[in-house]
1. How much length is gained on full extension from Q232 to R551, taking 0.36 nm per residue of separation minus their Cα-Cα distance?
2. Output the peptides 342-355, 582-595 sorted from most to least packed, where packing is the average of other Cβ atoms within 10 Å over each peptide's residues.
3. If you stretched the chain out fully between L55 and V500, how much longer would it get, using 0.36 nm times the residue separation minus the C-alpha to C-alpha distance?
4. Tell me the per residue accessible area of segment 373-477 using a 1.4 Å probe; a whole number in Å² is fine.
5. Assuming R0 = 60 Å, can you tell me the calculated FRET efficiency for the pair D615 and T418, based on Cβ-Cβ distance, to the nearest 0.05?
6. What nm distance separates the two modelled labels at K284 and T587, each placed 7 Å from Cα along Cα→Cβ?
7. Along Cα→Cβ, 7 Å out, is where each label goes; now give me the distance between the ones at R98 and L296 in nm to one decimal.
8. What is the mean projected area of the alpha carbon convex hull for segment 113-231, to one decimal in square nanometres?
Amino acid sequence: MHDCNSCILALVFAQLGGWLRGSRFGLFSLALVVGVGAGLGAVAFRYLVNGVTWLATGHAEFGQDGRIPSDHLPWLGLASYIVIPALGGLVYGPLVYRFAREARGHGVPEVMVAVAEQGGRIRPRVAVVKALASALTIGTGGSVGREGPIVQIGSAMASSLGQWVRVPESRMRVLVACGASGAIAATFNAPITGVFFAVEIILRELAGEALFAVMLSAMVADAIAVPLLGAQPFLVGFPRTTVMHHPANYILVVVLAVIAALIGQLYSRVLYGLEDVCDKLWGKRPEWARPIVGGLLVGLLLLAIPQLYGVGYPVMFKAVAGDYALWFLVLLMFGKILATSLTLGVGGSGGVFGPSLFIGLMGGTAFGVVVDHLFGPAAGDPALYAAVGMAGVFTSSTRAPLSGLASVVEMTGDFALTLPVMLTVAVSTAISRAISYGTIYTTKLLRRGQDIERTAPWRAFTDLTAVGAMRRLRTPLPVPTEKVAEGRTPTQFDGDVVAVRDPQVVFESESIVDVLRHLERHRRDGIPVLSEDGLQITGWVTNRSILQTIRRRLALSEAEAEKSPDTEETVGRSPMPGYQVLEVGVTADSQLAGHELRTIDWPAGAVAATVIRDDRHRHADDAIVLRPGDRVGLLVRS
């Protein structure tokens with residue numbers, strides 16, 4: 001009875017898995033689950049950052065009140081500004097180095113390359129390590145943002161779900177984008193920004209089904225976060241009474257947009273330039289110790305300008321309220337560029353989105369103060385130019401105009417800013433494209449030799465799937481639902497068994513580029529294809545059958561067929577239980593030689609999948625006459 005119940009349960013899960021992998025509503029259901037996880041993850045991460053900040057300083061947010069000592073380390077006095085970042089580095093440095101080195105830095109480039117070149121696969125541990133490392137970095141004074149970490153956390157959670165369900169890689173990419181969308185939406189109470197960020201920066205393509213899934217995740221994540229974090233706009237201290245007093249003010253907006261675009265380019269250049277300097281100075285010393293020594297340097301900068309501690313949103317509110325003089329606004333702008341670059345250069349973990357808003361707001365507010373002195377009230381509220389500055393710096397550095405527009409409008413809650421911000425992101429994008437090829441995100445990848453701006457080769461083949469390239473078995477083979485004993489190998493064959501291996505599998509709906517990636521990753525010449533519910537082996541696919549499909553449907557030659565790149569960090573699949581792949585050699589004295597494949601009586605449960613002749617795979621057609629030197633690839637029940 002217990003075994004019967006187990007079989008029924010396995011059958012139900014198999015049917016559910018097939019529905020999730022193959023149907024449109026299955027994708028939407030997964031997107032909904034991802035949205036819930038991203039929303040809860042964003043809330044938990046914010047509380048984690050505030051908790052670490054409180055442990056270090058006695059305050060949930062620190063720095064806005066100037067040079068005051070930590071309430072929890074009063075005996076250190078102002079030296080706490082130097083000691084706290086070093087202590088943080090002492091914890092997160094070894095943590096990142098030991099468990100997930102991709103958690104270092106600002107995180108978004110790692111998600112981008114996972115989607116573009118790794119089929120959306122991210123190691124599950126990245127979510128945990130990134131959350132802890134970034135909370136420690138920000139909470140102990142690192143001058144970085146929360147958006148990069150939460151994007152990587154949400155994307156890693158989504159990728160882990162996709163790997164568990166075993167979705168095709170085309171859907172895995174969409175799920176990772178859903179994780180990023182939900183994370184941004186919940187963090188900033190900005191669902192439209194989350195959608196645009198996922199489509200423009202992470203997914204980098206627009207399709208109706210994918211767009212709906214991304215929107216669903218953003219909506220659900222924001223709905224989860226609002227009751228826990230509040231429904232007010234994220235930049236709650238930003239005035240919402242900004243107006244354009246005269247159409248001539250658009251001239252000032254254009255001028256500031258140009259300045260902000262140049263500042264955004266400076267921000268990106270300093271970020272990577274200082275990283276190079278840190279790499280050169282540190283040399284070959286232990287990487288895990290780098291954040292400790294670097295934390296002392298960050299601490300010295302915080303001692304000089306304590307307003308640079310952490311993300312700095314309360315400082316932004318004070319700036320736009322007019323609490324800082326013009327010279328101090330400029331100092332904060334350039335200081336943030338230096339502090340963020342130094343934090344990441346010494347090995348810290350955090351985002352660059354939040355600092356770009358800080359830099360832009362300071363620069364925009366300073367510009368607003370200047371034009372107010374020059375033109376009086378006719379120039380408009382300095383808060384208008386603060387919003388323009390934020391949009392300009394962010395868009396120039398990321399080259400994501402829709403995200404820039406949506407983020408400023410949603411996060412300030414002032415939709416009267418739509419037209420000036422729209423003009424700003426257009427100007428800023430044009431200047432960014434004219435000055436540099438890479439963005440603040442893609443430059444990190446370009447420096448590794450990875451150019452995801454090019455047209456990815458898999459995009460041309462997304463409509464071709466394994467079911468169209470496989471050789472269909474005459475009778476589908478059942479996949480056992482019960483646990484299979486290990487080590488059982490059939491031995492009664494009229495020939496020598498020259499190879500035995502566990503078969504990797506793909507599903508019928510997976511694109512042929514995903515199949516090629518599996519063939520290359522697992523060093524296989526052919527692999528079985530499963531039905532969408534995972535209950536039957538329906539066919540066998542090889543490199544040769546895929547090339548034939550490409551030539552037949554897209555008129556491409558073998559030389560033009562190109563596999564997508566892969567890395568050793570990607571997560572593979574477990575072998576399929578219940579079967580093994582055997583290669584049986586045909587010798588001159590074998591009873592197999594000279595017989596057609598259809599006449600051979602293989603042992604029960606064995607099916608000929610391929611014939612290897614002269615190191616070339618052929619379909620196991622019934623009429624093939626076996627010769628000495630041939631090898632027959634068999635799928636065999638173990």
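1. 109.2 nm
2. Highest-to-lowest ranking by the protection proxy: 342-355, 582-595.
3. My answer for the length gained is 154.5 nm.
4. 39 Å²
5. Once rounded, the FRET efficiency stands at 0.40.
6. 5.3 nm
7. Using points 7 Å along Cα→Cβ, the separation is 2.3 nm.
8. So the mean shadow area of the Cα hull is 7.3 nm².
The values are calculated or read from the model by the stated rules, or taken from the named source; none is laboratory data. Everything numeric in this text was worked out from a predicted model, so none of it was measured. Every residue, glycine as well, gets a Cβ built from its backbone with ideal geometry; the counts of neighbours run over all protein chains shown. The accessibility values were calculated without ligands, DNA or RNA, using every heavy atom of the protein model including side chains. Shrake-Rupley method; radii C 1.70, N 1.55, O 1.52, S 1.80 Å.
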